[in-house]
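To keep things clear, I will list the structure first and then write my remarks on it.
The values are calculated or read from the model by the stated rules, or taken from the named source; none is laboratory data. In this text, all values refer to a predicted model and were calculated from it rather than measured experimentally. Every residue, glycine as well, gets a Cβ built from its backbone with ideal geometry; the counts of neighbours run over all protein chains shown.
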Amino acid sequence: MKTCISCGMPMTKPSDYPSGDDSKDYCIYCARPDGSMQPYPEKLEGTTEFLIRTQGLDRQAARQMAIRTLSKLPAWKDKEPIKE
């Protein structure tokens with residue numbers, strides 16, 4: 001089993017991968033329509049929205065949590081932090 005390098009989601013079945021391509025290191029939720037991986041600003045915004053929707057956080061708290069969470073993942077660990 002692989003874990004998405006962009007969001008940390010476990011990828012356990014072909015439908016978890018963009019176009020079912022299990023050679024990808026990122027999941028379907030981190031892929032753009034063309035199958036490429038979302039860039040950091042896009043992933044940060046999506047993660048922020050996800051945290052607002054699922055955790056009930058306000059935007060500022062959700063964004064800070066998203067920044068902390070993404071910074072621990074392989075795709076973003078060397079990414080310069082976005083300043084508020």
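Test Leu73 against the stated conditions and say whether it is of a type outside the set (Asp, Glu), touching a residue at least 24 places away in the same chain (Cβ under 8 Å) and surrounded by 12 or more Cβ atoms within 10 Å (Cβ to Cβ). Before you say what the answer is, go through the steps one by one.
Details: of a type outside the set (Asp, Glu): yes; touching a residue at least 24 places away in the same chain (Cβ under 8 Å): yes; surrounded by 12 or more Cβ atoms within 10 Å (Cβ to Cβ): yes.
The answer is yes for Leu73.
Cβ-Cβ distances below 8 Å connect the following pairs, each with a first residue in segment 14-27 that is on the phi < 0 side of the Ramachandran plot, a second residue that is among the β-branched types (Val, Ile, Thr) and modelled with pLDDT of 95 or more, and a separation of six or more residues or different chains: Ser15/Ile28; Asp16/Ile28; Tyr17/Ile28; Pro18/Ile28; Asp25/Ile5; Tyr26/Ile5. Applying the set (1) at pLDDT 95 or above; (2) assigned to a loop (DSSP other than H, G, I, E, B); (3) not hydrophobic (A, V, I, L, M, F, W, C) to Glu84 leaves exactly one unmet item: (1). Could you check how many residues of segment 1-42 are in a loop (DSSP other than H, G, I, E, B) and of a type in the set (A, V, I, L, M, F, W, C)? Summing the residues that are in a loop (DSSP other than H, G, I, E, B) and of a type in the set (A, V, I, L, M, F, W, C) in segment 1-42 gives 6.
Each residue in segment 39-68 was checked for being under 9 Å from the mean Cα position of the chain (by Cα) and β-branched (Val, Ile, Thr), and 1 of them qualify. So in segment 51-63, with the set limited to residues that are surrounded by 13 or more Cβ atoms within 10 Å (Cβ to Cβ) and free of Cβ contacts under 8 Å to residues at least 12 places away in the same chain, which one is nearest to Lys2 (Cα to Cα)? Here the answer is Ile52. None of Ser36, Ser15, Ser6 is of a type in the set (Ser, Thr, Tyr) and within 9 Å of the chain's Cα centre (by Cα) except Ser6.
Quick check: is even one residue across segment 12-33 among the basic types (Lys, Arg) and in contact with a Cys (Cβ under 7 Å, 6 or more places away or on another chain)?
Taking every residue of segment 12-33 in turn, none turns out to be among the basic types (Lys, Arg) and in contact with a Cys (Cβ under 7 Å, 6 or more places away or on another chain).
Looking across segment 61-77, the residues that are in contact with a Phe, Trp or Tyr (Cβ under 8 Å, 6 or more places away or on another chain) and in a loop (DSSP other than H, G, I, E, B) come down to Ala75, Trp76.
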